[in-house]
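Asks: Okay, here's the structure, questions in a sec.
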Amino acid sequence: MRLFFTRSAMALLLSLAGFGSHAAENVIQISQGNLENLGVTVGKPEPVTQIPVLSAPAKVVIPPTQEYIVSASQAGVIDKLNVAIGDKVAKGQVLAQLNSPDLLTLQREYLKAGAAQQASLINYNRDKKLLEEGVIPDRRWQESSSQYHSSVSETDEHKQLLEIAGMTAGEVNHLAQTHRLTRQLNVRAPIAAVVLERLAVAGTHIDMMAPLYRIANLDELWLEIAIPQERMDSIKIGDRVAVEDSKITAKITLLGQSVNPENQTMLARAVMTKTQDFASLRPGQRLNTRIIQPSDKAAFKVPNTAIAQNEGKAFIFIRTQQGFSVTPVTVVGKQGDESIISGELTGDEEIAVKGAVALKANWLGLGSDE
């Protein structure tokens with residue numbers, strides 16, 4: 001319940017509490033014994049080195065280098081999908097298996113090129129020996145050498161096509177040794193990651209490059225912060241960002257150069273450090289943040305109730321032997337029920353942290369109805 005006093009009632013209350021009826025300018029006289037009657041309590045301002053300069057909404061995003069769409073490198077029928085949304089996968093783990101006739105064609109071409117390479121190698125070695133014995137002219141040796149090196153390049157090309165299709169180097173070598181073709185194509189994870197989305201269904205026919213999964217490495221996450229354009233000049237690269245209601249912090253690494261025409265904000269990107277646990281955050285999540293800067297001058301944290309406003313300026317009440325002195329301060333930041341102030345303070349002062357309403361009323365000669 002809020003109580004409202006008339007000017008005369010407040011005057012009587014202050015008089016009974018021991019206030020000087022004619023306090024000097026910026027000085028309020030009150031005895032120690034009457035502080036509790038008006039609910040005035042004192043405390044010391046808390047020195048701080050960091051100032052919250054702005055609160056702003058942010059979105060959790062994945063760095064583009066850490067997000068992948070895993071696609072089918074060949075057309076075929078999906079035989080099996082091995083992982084589900086939320087699963088953690090290792091690099092090289094088989095995510096899906098396809099039945100791909102096109103893979104048979106690639107294997108056959110590779111074996112054909114390998115056989116041609118072996119035949120050209122025989123001619124190469126034979127003509128090399130004949131050239132050393134002087135039996136054949138140099139021109140024939142050059143033709144044999146050219147054919148051999150061309151066959152080596154063609155075999156290597158087909159080998160790379162198989163690896164692009166999804167076969168590992170070990171599987172290609174096994175094919176070269178056994179000459180056994182297979183229609184099964186294993187789709188593997190390119191990185192250690194978490195499955196974010198499944199984009200296909202087992203048993204369906206898919207085309208080449210059809211997406212199967214969306215995966216991402218979540219060891220590093222970014223915060224994309226929407227900064228009002230009029231406040232952008234006060235934000236600097238290197239500023240610390242604190243996520244509200246958590247101990248998670250990040251550091252601003254990029255300031256955008258364009259304005260979002262829909263909400264007139266600019267982008268600030270902050271990177272969360274890998275040394276902390278931010279597993280509670282999810283890509284796409286929206287949250288509130290505070291941008292914090294180091295203070296280049298003495299600053300102190302005080303309760304909001306310790307600050308009195310008058311004519312657009314902020315004041316606090318410092319305890320003296322006679323009562324309180326009214327001292328102007330600058331509010332440089334706010335954080336919940338507390339404010340960060342700067343001014344002619346050392347931090348050793350005792351200030352009124354409660355009851356500032358009554359002190360303000362006496363200071364202004366009851367010119368306030370608060």
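The values are calculated or read from the model by the stated rules, or taken from the named source; none is laboratory data. Note that the structure is a prediction, hence the values are computed from the model and not measured. For neighbour counting, all protein chains shown are included, and Cβ atoms are generated from backbone atoms with ideal geometry for every residue, glycine included. Accessible surface areas use protein heavy atoms only, side chains included; no ligands, DNA or RNA. Shrake-Rupley method; radii C 1.70, N 1.55, O 1.52, S 1.80 Å.
Asks: Only one residue in ILE225, ILE237, ILE252 is at pLDDT 90 or above, closer than 22 Å to VAL332 by Cα and not in a strand (DSSP E or B). Which one?
Replies: None of the other options fit; the residue is ILE237.
Asks: Please determine whether any residue of the stretch 241-248 is outside any strand (DSSP E or B), among the aliphatic types (A, V, I, L, M), crowded, with 17+ Cβ neighbours inside 10 Å and under 14 Å from the mean Cα position of the chain (by Cα).
Replies: Looking through the stretch 241-248, at least one residue is outside any strand (DSSP E or B), among the aliphatic types (A, V, I, L, M), crowded, with 17+ Cβ neighbours inside 10 Å and under 14 Å from the mean Cα position of the chain (by Cα).
Asks: Return yes when THR182 is part of a loop (DSSP other than H, G, I, E, B), at pLDDT 90 or above and among the β-branched types (Val, Ile, Thr) and no when it is not.
Replies: Answer is yes for this residue.
Residue by residue, here is whether (1) more than 30 Å from TRP222 (Cα to Cα); (2) assigned to a loop (DSSP other than H, G, I, E, B) holds:
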{"residue": "ALA270", "(1), (2)": "no, no"}
{"residue": "GLY284", "(1), (2)": "no, yes"}
{"residue": "ASN288", "(1), (2)": "no, no"}
{"residue": "ILE318", "(1), (2)": "yes, no"}
{"residue": "PHE324", "(1), (2)": "yes, no"}
{"residue": "VAL353", "(1), (2)": "yes, no"}
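Asks: Return yes when ASP127 is among the charged types (D, E, K, R) and surrounded by 18 or more Cβ atoms within 10 Å (Cβ to Cβ) and no when it is not.
Replies: Yes; evaluated as a whole, the condition is true for this residue.
Asks: Give the number of residues within the stretch 224-240 that are more than 30 Å from LYS88 (Cβ to Cβ), among the acidic types (Asp, Glu) and surrounded by fewer than 19 Cβ atoms within 10 Å (Cβ to Cβ).
Replies: Counting residues in the stretch 224-240 that are more than 30 Å from LYS88 (Cβ to Cβ), among the acidic types (Asp, Glu) and surrounded by fewer than 19 Cβ atoms within 10 Å (Cβ to Cβ) gives 2.
Asks: Looking only at the stretch 321-344, decide whether some residue is free of Cβ contacts under 8 Å to residues at least 60 places away in the same chain and closer than 30 Å to GLY86 by Cβ.
Replies: No, that holds for no residue.
Asks: Let me ask another. Among the residues of the stretch 133-171, which ones are within 40 Å of the chain's Cα centre (by Cα), in a helix (DSSP H, G or I) and among the small types (Gly, Ala, Ser)?
Replies: Matches in the stretch 133-171: ALA165, ALA169, GLY170.
Asks: Is it the case that SER120 is farther than 30 Å from ARG290 by Cα, open to solvent by less than 60 Å² (accessible area, probe 1.4 Å) and touching a strand residue (DSSP E or B) at 6+ places or on another chain (Cβ under 9 Å)?
Replies: no
Asks: Find the residue count for the stretch 51-108, including only residues that are under 29 Å from the mean Cα position of the chain (by Cα) and among the acidic types (Asp, Glu).
Replies: Summing the residues that are under 29 Å from the mean Cα position of the chain (by Cα) and among the acidic types (Asp, Glu) in the stretch 51-108 gives 2.
One line per residue, one yes/no per condition, for (1) farther than 16 Å from VAL48 by Cα; (2) crowded, with 16+ Cβ neighbours inside 10 Å; (3) in the same structural domain as ILE227 (by the TED database):
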position: ALA308; (1), (2), (3): yes, yes, no
position: ILE318; (1), (2), (3): yes, yes, no
position: ILE340; (1), (2), (3): no, yes, no
position: ASP348; (1), (2), (3): no, no, no
position: LYS360; (1), (2), (3): yes, yes, no
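Asks: Return the only residue of LEU196, LEU254, LEU221, LEU175 being over 20 Å from the mean Cα position of the chain (by Cα) and surrounded by 12 or more Cβ atoms within 10 Å (Cβ to Cβ).
Replies: LEU175
Asks: Right, another one. Which numbered condition in (1) more than 22 Å from ILE51 (Cα to Cα); (2) touching a strand residue (DSSP E or B) at 6+ places or on another chain (Cβ under 6 Å); (3) open to solvent by 20 Å² or more (accessible area, probe 1.4 Å); (4) at pLDDT below 90 is the only one that PRO283 fails?
Replies: Just one mismatch for PRO283, condition (4).
Asks: Does VAL332 fit the bill of being open to solvent by less than 10 Å² (accessible area, probe 1.4 Å), of a type in the set (A, V, I, L, M, F, W, C) and either at pLDDT 85 or above or part of a strand (DSSP E or B) (or both)?
Replies: Spelling it out, it is not the case that VAL332 is open to solvent by less than 10 Å² (accessible area, probe 1.4 Å), of a type in the set (A, V, I, L, M, F, W, C) and either at pLDDT 85 or above or part of a strand (DSSP E or B) (or both).
Asks: Of VAL60, VAL40, which residue is open to solvent by less than 90 Å² (accessible area, probe 1.4 Å), modelled with pLDDT of 85 or more, not assigned by the TED database to the domain that holds ILE85 and not polar (S, T, N, Q)?
Replies: Only one candidate qualifies: VAL60.
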